[in-house]
């Protein structure tokens with residue numbers, strides 16, 4: 001399969017026959033379609049599948065295997081798609097806020113993106129789970145959407161803070177980073193018992209009017225003001241029904 005064919009299949013997974021123009025409106029549309037089509041999930045980590053971090057590998061996972069992933073995978077795949085359709089985009093690293101520890105994590109704890117447009121530079125993220133659904137303009141911006149209220153504030157010329165109304169989300173350094181620089185933390189989150197991703201299942205995606213989430217054995221469906229939670233539902237059936245994912249057996 002050629003790279004062009006792979007990117008076309010990526011767009012089709014987002015429900016698009018063709019890419020929108022590389023504009024502010026086009027970026028917002030691609031982000032919204034990505035958040036609603038491709039879940040944030042850690043199934044490979046739980047199954048003992050631990051590939052090296054590469055653009056080819058994450059594209060294969062998202063497009064060919066039709067899976068989701070976490071930040072390093074989702075945002076790197078999305079970066080490749082954005083670049084292919086004509087956007088100027090770069091990787092940045094971030095330190096995620098830990099509420100239990102009341103501090104930010106280590107550098108390269110998270111991979112996010114900055115997209116450059118005539119209107120300015122925009123913090124863009126399809127790999128954080130439940131976060132803002134529209135990119136935020138650097139260095140300062142705010143918005144409210146279905147997922148909550150968000151602010152982006154400069155801490156210095158090189159640092160910015162993304163926060164929800166009730167807590168910080170992450171502190172990001174705005175310098176461009178190579179994909180290789182994220183590899184050690186990618187491996188940490190695949191293997192360490194201290195990582196959030198090695199503990200229990202999380203699988204979530206946005207919908208047009210809410211969100212669907214599996215966390216452990218709990219299924220949560222939010223539709224507008226209504227929230228329904230089910231505990232003990234067969235998660236294999238839920239993964240297939242709501243996310244189109246067939247769960248793989250853990251490796252020995």
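In which sequence would 166, 125, 141 go, from the one with the fewest C-beta neighbours within 10 Å to the one with the most? Mind showing how you got there, number by number?
Values: 166 8, 125 27, 141 19.
Lowest to highest Cβ neighbour count: 166, 141, 125.
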Could you check the spin-label model distance between residue 117 and residue 28? Points 7 Å from the Cα along Cα→Cβ, value in nm. 0.7 nm
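Starting with the fewest neighbours, write out 49, 221, 212 ranked by other beta-carbon atoms found within 10 Å of each beta-carbon. Kindly include the intermediate steps, with their values, before the conclusion.
Values: 49 13, 221 16, 212 20.
With the fewest neighbours first, 49, 221, 212 line up as 49, 221, 212.
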Can you compute the modelled spin-label distance between residue 198 and residue 103, with each label point 7 Å from Cα toward Cβ, in nm? 2.0 nm
Work out the FRET efficiency for residue 17 and residue 208 from their Cβ-Cβ distance, taking R0 = 22 Å, and round it to the nearest 0.05. 0.70
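On a full-extension model of 0.36 nm per residue, what is the gain between residue 84 and residue 221, subtracting their alpha-carbon distance, rounded to one decimal in nm? Show your work: numbers first, answer last.
Values: separation 137, 0.36 × 137 = 49.32 nm, distance 3.40 nm.
Extra length available between residue 84 and residue 221 comes to 45.9 nm.
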Row for the chain, column shape: gyration tensor on C-alpha, a ≥ b ≥ c, rounded if a/c < 1.5 i.e. under 1.5, prolate if a/b over b/c, else oblate; value rounded
Computed helical MRE - 222 nm, the chain, DSSP H runs ≥ 4 contributing -39500 (n - 2.57), nearest 500: -7500 deg cm²/dmol
The stretch 56-181: relative contact order in percent, alpha carbon pairs under 8 Å with at least 6 residues between: 20 percent
Length gained when the stretch residue 246-residue 143 is fully extended (0.36 nm per residue, less Cα-Cα span): 33.5 nm
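Just so you know, all these numbers are worked out from the coordinates, no wet-lab data involved. What you see is a predicted model, and the numbers here were worked out from it, not measured in a lab. Virtual Cβ from ideal backbone geometry, glycine too; neighbours counted across all protein chains shown.
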